[in-house]
Every structure is written in C-alpha cells, then in structure tokens.
Amino acid sequence: MSPKLAPTRPYQPLLLRLLHGGTALALFAALFTAYWTYDTYDGRWGGITLPTYRPIEALHGTFGLWTLLIFPAFVIYAFHRGQRRLLQPDSFQKLTQGSKPIWWYTLNRGGNTLALVALAFALFSGKMMDETWLPRGILTAGWYYAHLISWLVMVGAIALHLLLNAKVGGTPLLLSMFTPQFRDQDSPRHWPTHLSQQWAAVQQGNWLQWFQPMTTMLALEIMILVSMVLAWVLPLLK
Ligand code: HEM
Ligand code: HEM
C-alpha cells in the first residue's frame, strides 16, 4: 500500500509522471549531448569548450531516438487525459481578461502546449539530419540549421514551462511531478482492466468518436503525431 499523501499537496497521476518524466529524462540527455556535439564539430557561435569527443554524435542520436520513442505516448496522454492542462478553446479570451490568477493558469497551459510543439520540431528536424554531415565538415545544410534552432527553441520552452509552473504552484507543484508515491486508485494494478475496457470500446467502433468534434487541439494532436510518423518514414525514402 502506498503511503498517505497530504490532501493539500498537488497530485499528478502516475501515468502522467511516468510519461512526462521519461520524456524529460531522455530529452535532457539529448539536449546535453546535442550541445557537446555542437562543441566538438561546430562551435561557430562560441561555447564552453567541452573535450573533443567524436562518438558523442552517435550517443546524441541514441538519446534523440529514446525521446522519439516515448514522446508519441506522452502526446496522446496530454491531448486526452491531460487535456485540461493544454490550451482551451476560450484561452485567448481568458488572456485578455487582465492579470488575474486565471491569466497565469491560461499562460501555463499555453507553455505546456508550446513544449509539445517545440519537441515535435526538434525530433522531426533531428530525423532529417544526416549523420555524415558533421564528420565531413558540412555545417550549412538547411536541416542542420533547423535542428540547431530547435535546440534554442526547446531550451526557451523548458525555461518558460518551469517559470510558469513555479509561478502558479511554486516548488510543491514542480516537485509533484517527480514524487514516487501514488494513490491506490492510481495503481498500475488497475491498468490491465483499463486497457481491456479501452480495447472493448475500440472493437465496438467507439474510436470513431475520438475524432469528433474536430477541434483545433485535435488537429494539432494529429499534426504532431503525423509529423512523428513522417520522421520515421521520410529517411527510409532518401
Ligand atoms: C525538470 C523539468 C520539468 C518540470 C519540473 C516540469 C513540471 C511540470 C509540472 C509541475 C506539470 C503539471 C502542471 C499542472 O499540474 O498543471 C507539468 C506538465 C506538463 N509538462 Fe512539464 N516539467 C518539466 C519538463 C518538461 C518537458 C521537458 C516537457 C516537454 C515536452 C514538458 C511538458 C509538459 C506538458 C505537455 C505538461 C502538461 C501535461 C498534461 O497535459 O497533463 N515538461 N510539467
Ligand atoms: C532539442 C534538442 C535536440 C533533440 C531532441 C534532438 C533529437 C535528435 C534526433 C531524434 C535525432 C535522430 C537520431 C537518429 O535518427 O538516429 C537527432 C540526430 C542528430 N542531431 Fe539532434 N537533437 C537536438 C539538438 C541537436 C543539436 C543542437 C545538434 C547540434 C550539433 C544536434 C545534432 C544532431 C546530429 C549531428 C544528428 C545526426 C546523428 C544521428 O542521426 O545519429 N542535435 N537529433
């Protein structure tokens, strides 16, 4: 049995913590090794001069792939079960209502959504890279620039995400994403039952309702997922 949690402390569903934590861990490894790859092979915009280590490029590719593997599951979670924490149909209206707490919550939801879009861009542009470019000294390929920019965008999005979460919930909210305790009703014991219920719903054709009504957020989810499929398929056609 899991230890009791204080009722006032923010609580995050276990599945969210696993998918969010897994994505963040793989992404931070990709971000660090990406910087090291830049420092080893490029360095045109300065750097902190890490040791030159040529195999770092392949290691970066591996962490990038780990991120790419877990990310689609996190996207599906965030756009369905976690929908409340992403942009809402009335978000823009709420943003014009002045500096009330709701303004910050709305901005935070925008920040969460931006983090997903930024990561999709980083992963897609990574898959468009050719691993022989940097070792051959080719530093001007369009996709290489796009991929470099994606690093800056991702770091900016994470910084914004952390600042906004700190603003709306402080340290307890930030830490709630990484606490190991979970409530009994949230236990992985129940997951096989949930999965078989979902599967039964799919067999009855209920999945058609997932795409109705076609909202902007649903369109964004589909775009992100399609871009991830293309990220795997396009390099095979080269
Ligand atoms: C140390 C790093 C991170 C911390 C401390 C952190 C913290 C948090 C917290 C506290 C929430 C919950 C907000 C709430 O309850 O309203 C959250 C949600 C979220 N985070 Fe992070 N985050 C981190 C990294 C990332 C990264 C790298 C991404 C990149 C994609 C990301 C994407 C998201 C998204 C999309 C949500 C909303 C999830 C949902 O819809 O249920 N986070 N984060
Ligand atoms: C947000 C940051 C980044 C993420 C999430 C990311 C992710 C990825 C992914 C998914 C791949 C494809 C791996 C494969 O198909 O094997 C990749 C490849 C690559 N990335 Fe990144 N990347 C990021 C930033 C950078 C930066 C700033 C550089 C600058 C040097 C870089 C350099 C490369 C190189 C050279 C490759 C080709 C290596 C290979 O395919 O094994 N990445 N990246």
When region 1-114 is reduced to its Cα atoms, the Kirkwood hydrodynamic radius in Å: 17.2
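More than 21 angstrom separation, counting every C-alpha pair in region 67-143; what % is that?
47
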The chain: most fluctuating residue of Glu221, Glu131, Glu57 per GNM, C-alpha cutoff 10 Å: Glu131
Theoretical FRET efficiency, 1/(1+(r/R0)^6), r = Cβ-Cβ of Lys94 and Arg189, R0 45 Å, to 0.05: 0.70
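Pairs of lysine in the chain with Cα under 27 Å and at least 8 positions apart or on different chains: total?
Within the chain, the lysine pair count is 4.
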Anisotropy class of region 135-195 from Cα gyration tensor, a/c 1.5 cut: oblate
0 to 90° range, to nearest 10: angle between helix 101-127 axis and the chain longest Cα axis: 40
FRET efficiency, Ser227 to Tyr145 (Cβ-Cβ, R0 22 Å, nearest 0.05): 0.75
Cut-off 14 Å (backbone N to label point 7 Å along Cα→Cβ of His80), residues of region 205-219: 205-212, 218
Using alpha carbons only: equivalent-ellipsoid semi-axes of region 71-115, gyration tensor based, whole Å: 22, 9, 7
Cα extents of the chain along the three principal axes, largest first (Å): 54, 44, 44
5 angstrom amide H check on Tyr11, placed H, neighbours 5+ away: none
Highest-MSF residue in the chain out of Tyr144, Tyr77, Tyr53 [GNM, Cα springs under 10 Å]: Tyr53
Most mobile of Thr193, Thr23, Thr216 in a GNM of the chain (Cα contacts under 10 Å): Thr193
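About its Cα centre, what dipole magnitude does the chain give when the only charges are +1 on Lys and Arg Cβ and -1 on Asp and Glu Cβ, stated in debye to the nearest 20? Could you put the intermediate results ahead of the total?
On the way: 17 positive and 9 negative charges, 130 e Å.
That gives a dipole near 620 debye.
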Pairwise label distance in nanometres, Met217 with Arg9, each label 7 Å out on the Cα-Cβ vector: 2.8
Selection from Leu68, Thr96, Pro135, by position along the positive dipole direction of region 60-167 (Cβ): Thr96
Between region 53-110 and region 178-229, the Cα center-to-center distance that results, in Å: 16
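Any read-out appearing in this document is the output of simple, stated calculations on the displayed coordinates, not a laboratory observation. Everything quoted here is computed from the prediction, not taken from an experiment. Virtual Cβ from ideal backbone geometry, glycine too; neighbours counted across all protein chains shown.
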